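Peer 1: Below is the structure I would like to discuss, written out as structure tokens.
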Amino acid sequence: MILSAIAQVGVSVNYNVADYLPEDAQSTKAMDIMDEEFDGAVPNTNVMMKDMTIQEALEFKEQLEAIDGVSDVTWLDDTVDLKTPIEMADEDIVESYYQNGNALFNFTIREGDEVAVTDEVYELIGEENAMAGEALDTATQQKMALTETLYAAALLIPIIIIILILSTNSWAEPIFFLTAIGVSVLINMGTNIFTGEISFVTSSVAPILQLAVSLDYAIFLLHSFSDYRKTVTDPKEAMILAMKRSFPAIIASASTTFFGFIALTFMNFEIGSDLGFSLVKGIVLSFISVMVFLPAMTIMFYKWIDRTQHKPIIPEFKRVGKWIMKFKVPSLLIVFALIVPAFLAKSETNFIYGIGDQPENTRAGADIVEIENEFGKNTQMVLLVPRGEVAKEEELVQELEEMKHVTSVISYVNTVDSTIPPEYLEESQIEQFYSENYSRIILQTNTDKEGETAFNVVEQIQNTANQYYSEDQVYSLGESVTLYDMKNVVERDNTVVNVLTVVTIALVLLVSFKSISYPVILLLTIQSAVWINLAVPYFTDSALVFVGYLIVSTVQLAATVDYAILFTENYTENRKEMSALKAIKKTVDEKVFAVAISASILSSVGFILWLTSTNPVVSSIGLLLGRGALLAFIMVVFFLPAMLLVFDKVIGKTTWKSNFYKEK
């Protein structure tokens with residue numbers, strides 16, 4: 001643990017979403033070619049300077065270019081000849097860079113130095129001017145990540161301790177729970193150093209999620225230990241019996257979560273596989289910690305548990321089962337009425353594929369609004385086409401200039417002169433446009449960086465270029481292109497991950513219960529909660545970050561199916577001794593509190609991530625997880641008992657050696 005705590009300081013965090021696209025994605029190939037062929041990159045930042053003359057703007061451009069880490073500064077002088085009056089130039093091009101005395105500059109900030117460079121740019125432009133762009137978004141996320149993680153932990157740990165105190169009869173037990181899982185979380189975070197780097201999603205979500213989903217393992221073991229202490233005098237013997245008794249429940253719970261997270265590792269969009277690998281590793285480490293470290297620690301310090309005993313704070317839940325069974329028919333009718341609309345609605349939600357915009361109450365968010373109010377939307381795109389066919393390139397550029405939503409096109413043929421051979425000019429005049437093999441065309445569009453219009457423009461530009469060159473000769477890149485590729489990749493991932501999750505968890509349930517009907521009932525219960533959860537954004541007309549949607553559709557199923565397993569295992573044992581109705585009522589009385597504790601911990605984790613994170617991806621994962629845990633709890637307490645009662649005879653016939661009680 002100590003070694004891992006030290007090692008985690010050396011784990012680097014990657015905030016660039018584009019790095020997680022597969023290598024065969026079009027924009028990834030384009031970026032590799034751009035890096036090989038050209039010194040410059042795609043502009044990823046804008047700055048708006050207010051009340052500037054053209055001469056002042058040119059002087060500012062030089063100051064901006066002088067900052068270490070800033071390159072490829074583009075302004076009006078790169079598209080029109082400023083020696084002639086700008087009134088004679090194309091009005092649309094001029095207004096893309098200069099209007100009402102305000103100048104808009106596009107430039108590139110070096111990857112990896114976003115925080116330092118944006119701070120220096122802010123110092124140069126002062127409070128009254130504005131900056132926006134992909135690099136600034138990355139810098140903002142980096143600055144907020146550590147403070148938000150600490151803030152989330154500071155809120156979460158006291159809440160979990162309070163929940164655990166309410167669920168135990170000893171003031172010391174919550175410390176044992178948190179220590180056992182905390183050790184495994186630290187080891188998991190430290191061992192990430194062997195992977196080189198982790199994504200910002202993994203850094204923010206994985207430690208807290210690991211704690212929430214594996215805390216149950218420690219609770220199962222120590223509750224069994226407490227029960228055996230009442231009948232066995234030797235603590236070691238009590239622990240051996242507790243480990244034997246709780247092992248099936250812990251291994252079943254860990255297996256469903258493990259295989260659910262394994263499904264994430266099959267994502268082509270590697271943020272999912274990065275998070276999946278970290279969570280799979282975390283589950284294995286939590287299981288080992290609970291079965292190896294926690295028993296040893298408990299035997300050494302069990303006297304602390306004895307000395308800190310207190311009376312139950314929350315009274316036993318008696319006759320809750322009788323009350324809940326009154327709702328069995330409404331529960332079935334409501335859920336069956338919601339399943340189909342929820343399933344259809346979740347696919348019709350308006351998705352965001354990037355990390356979303358900054359909140360307007362931050363400077364970054366306010367600056368975006370200010371720039372858009374003056375210049376409208378502004379998104380850069382780069383097109384790489386084969387060098388050498390000037391006439392063809394000129395025709396392409398003319399067609400691109402006439403395209404709707406394209407505000408300016410910068411290329412050799414329309415900025416320098418297509419009639420002048422490049423070899424007659426100095427290298428500095430052509431290096432922006434020509435490499436050894438490619439010609440570079442820089443476009444400005446007035447669309448959002450993503451959305452239906454933006455993606456249509458990307459398709460239109462690519463299709464237009466493909467009319468002049470073969471498809472394997474043309475490459476495009478830019479934030480819109482990256483997000484367009486991401487949309488295509490994650491939509492394919494969605495089907496693969498969901499099918500894998502359901503199939504693997506179904507197999508674990510099949511082996512655990514030796515039944516055909518139990519897996520169907522349990523999966524229907526939790527999957528219905530997942531569909532209802534993911535349908536909420538559609539009915540509330542709110543956009544949903546797709547990465548969050550994809551991850552939670554897996555994580556919620558894997559993490560909350562444990563509630564159904566715990567409930568069903570207890571019901572199966574009770575059903576061997578009494579009728580179905582009595583078994584259901586007894587199971588609800590016995591297990592509703594344990595399920596409530598697990599659900600409240602996972603739900604707290606989700607809602608705190610939602611409240612504390614300014615990163616839209618992390619925030620959306622939090623909200624979906626918090627709401628999903630609550631929905632899963634409601635489904636297990638109300639819908640699952642009704643299903644078990646209705647299909648009792650089917651379960652008895654389709655379960656191997658069910659040995660259900662039969663009334664004489």
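What follows draws every value from the coordinates through simple rules; no lab data is involved. Note that this is a predicted model, so its numbers are computed, not measured. Counting neighbours? That spans all protein chains shown, and the Cβs are built from the backbone with ideal geometry, glycine included.
Peer 1: Report the FRET efficiency, 1/(1 + (r/R0)^6), for GLU197 and ASP92, where r is their Cβ-Cβ distance and R0 is 45 Å, rounded to 0.05.
Peer 2: FRET efficiency, GLU197 to ASP92: 0.60.
Peer 1: Something else now. Find the all-direction average of the projected area of the Cα convex hull for the stretch 290-376, expressing the result in square nanometres with one decimal place.
Peer 2: For the stretch 290-376, averaging the hull's shadow over all directions gives 15.1 nm².
Peer 1: Please compute the net charge surrounding VAL530, taking Lys and Arg as +1 and Asp and Glu as -1 over other residues with Cβ under 12 Å from its Cβ.
Peer 2: Result for the neighbourhood of VAL530: +2.
Peer 1: Mind ordering 452-462, 119-129 by average Cβ neighbours within 10 Å, highest first?
Peer 2: Highest mean packing first, the order is 452-462, 119-129.
Peer 1: In the stretch 154-284, what is the volume of the convex hull around the alpha carbon atoms, normalised per residue and reported in Å³?
Peer 2: 111 Å³
Peer 1: Do any of LYS29/LYS281; LYS328/LYS582; LYS281/LYS449; LYS514/LYS576 go past 24 Å between their Cα atoms, and which?
Peer 2: Table pairs above 24 Å Cα-Cα are LYS29/LYS281; LYS281/LYS449.
Peer 1: What's the center-to-center distance, using Cα atoms, between the stretch 204-251 and the stretch 348-422 in Å?
Peer 2: 58 Å
Peer 1: In addition: log₁₀ I(q)/I(0) of the stretch 284-440 at q = 0.11, 0.13, 0.17, 0.21 Å⁻¹, via Debye over equal Cα point scatterers, no solvent, to two decimals?
Peer 2: For the stretch 284-440 at q = 0.11, 0.13, 0.17, 0.21 Å⁻¹, log10 I(q)/I(0) is -0.85, -0.97, -1.09, -1.27.
Peer 1: Another question, if that's okay. I need to check one value: relative contact order of the stretch 42-139, counting alpha carbon pairs closer than 8 Å and at least 6 residues apart, in percent.
Peer 2: Relative contact order, the stretch 42-139: 47 percent.
Peer 1: If you place +1 on the Cβ of every Lys and Arg, -1 on the Cβ of every Asp and Glu, and leave all else neutral, what size is the dipole of the stretch 288-420 about its Cα centre, to the nearest 20 Debye?
Peer 2: It works out to roughly 2380 debye.
Peer 1: Putting +1 on Lys and Arg Cβ atoms and -1 on Asp and Glu Cβ atoms, find which of VAL588, LEU483, VAL201 reaches farthest to the positive end of the dipole of the chain.
Peer 2: Sorting the options by dipole projection puts first VAL588.
Peer 1: Label points 7 Å out from Cα along the Cβ direction at ASP234 and LEU581: separation in nm?
Peer 2: 4.7 nm
Peer 1: Tabulate in residue order the Karplus-calculated ³J(HN,Hα) for the stretch 102-115, using 6.51 cos²θ - 1.76 cosθ + 1.60 with θ = phi - 60°, rounded to whole Hz; enter x for Gly and Pro.
Peer 2: Whole-Hz 3J(HN,Hα) from phi for the stretch 102-115: 9, 10, 10, 10, 10, 7, 10, 9, 4, 4, x, 10, 4, 5.
Peer 1: Using alpha carbons only, how many angstrom separate the centre of the stretch 428-463 from the centre of the stretch 556-580?
Peer 2: So the two Cα centres are separated by 57 Å.
Peer 1: Stretched out fully, how many nm does the piece from GLU374 to THR453 gain, at 0.36 nm a residue minus the Cα gap?
Peer 2: 26.4 nm
Peer 1: Follow-up question, since we're still on this one. Compute the long axis of helix 328-346 from its Cα atoms, compare it with the longest principal axis of the Cα atoms of the chain, and write down the angle in degrees, 0 to 90, nearest 10.
Peer 2: 20 degrees
Peer 1: With 10 Å bins from zero, work out the P(r) of the stretch 42-139 over every alpha carbon pair and list the percent per bin.
Peer 2: Result returned by the calculation: 16, 51, 27, 6, 0.
Peer 1: Note the listed values (1) 77, 73, 49; (2) 101, 48, 40; (3) 160, 89, 48, then indicate which one is Cα extents along the principal axes in Å calculated from this particular structure.
Peer 2: Label of the calculated value: (2).
Peer 1: Something else now. Which angle from 0 to 90°, rounded to the nearest 10, does the C-alpha axis of helix 517-539 make with the longest principal axis of the chain?
Peer 2: Compared with the principal axis, the helix lies near 40 degrees.
Peer 1: What ranking, highest mean first, results for peptides 610-618, 591-599, 93-101 when packing means the other Cβ atoms within 10 Å averaged over each residue?
Peer 2: 610-618, 591-599, 93-101
Peer 1: Given the convex hull over the Cα atoms of the stretch 208-265, what projected area results after averaging over all orientations, in nm²?
Peer 2: For the Cα atoms of the stretch 208-265, the hull's average projected area reads 4.3 nm².
Peer 1: State, as an integer percentage, the relative contact order of the chain based on alpha-carbon contacts under 8 Å between residues 6 or more apart.
Peer 2: Relative contact order comes out at 19 percent.
Peer 1: Another question, then. Taking LYS303 as the anchor, which aspartates and glutamates have their alpha carbon closer than 13 Å to its alpha carbon, excluding any fewer than eight residues away along the same chain?
Peer 2: Candidates past the 8-residue exclusion: GLU173, ASP234.
Peer 1: Would you mind counting up the charge near THR74? Only other residues with Cβ under 11 Å from its Cβ, with Lys and Arg at +1 and Asp and Glu at -1.
Peer 2: Once all neighbours under 11 Å are counted, the net charge is -3.
Peer 1: Let's see if you can work this out: charge +1 on each Lys and Arg Cβ, -1 on each Asp and Glu Cβ, no other charges. What is the dipole magnitude of the chain about its Cα centre, in debye to the nearest 20?
Peer 2: Computed charge dipole of the chain: roughly 8560 debye.
Peer 1: Another question, then. Roughly how many whole Å is it from the C-alpha centroid of the stretch 45-94 to that of the stretch 617-664?
Peer 2: Cα centroid to Cα centroid, the span is 64 Å.
Peer 1: Subtract the Cα-Cα distance of TRP304 and ASP119 from 0.36 nm times their separation in residues, and report this length gain in nm to one decimal.
Peer 2: Here the answer is 61.5 nm.
Peer 1: Taking 7 Å along the Cα-to-C-beta vector as the label spot, tell me the ARG492-ASP81 distance in nanometres, rounded to one decimal.
Peer 2: Taking the two extended label points, one gets 4.9 nm.
Peer 1: Name all residues of the stretch 435-459 having a backbone nitrogen under 13 Å from the label point set 7 Å from the Cα of GLU37 along its Cα→Cβ direction, giving them as ranges.
Peer 2: What the label zone holds, given the 13 Å backbone N cut-off, is 435-442.
Peer 1: Straight distance only, please: which lysines reach the Cα of LYS61 with their own Cα at less than 16 Å, same-chain residues fewer than 8 apart left out?
Peer 2: LYS50
Peer 1: Highest mean first, what order results for 202-212, 480-490 on Cβ atoms within 10 Å?
Peer 2: With the highest mean Cβ count within 10 Å placed first, the list reads 202-212, 480-490.
Peer 1: Here is a follow-up. Using Cα atoms only, what is the angle between the long axis of helix 363-375 and the major principal axis of the chain, expressed in degrees (0 to 90) to the nearest 10?
Peer 2: Helix 363-375 and the main axis of the chain meet at about 40 degrees.
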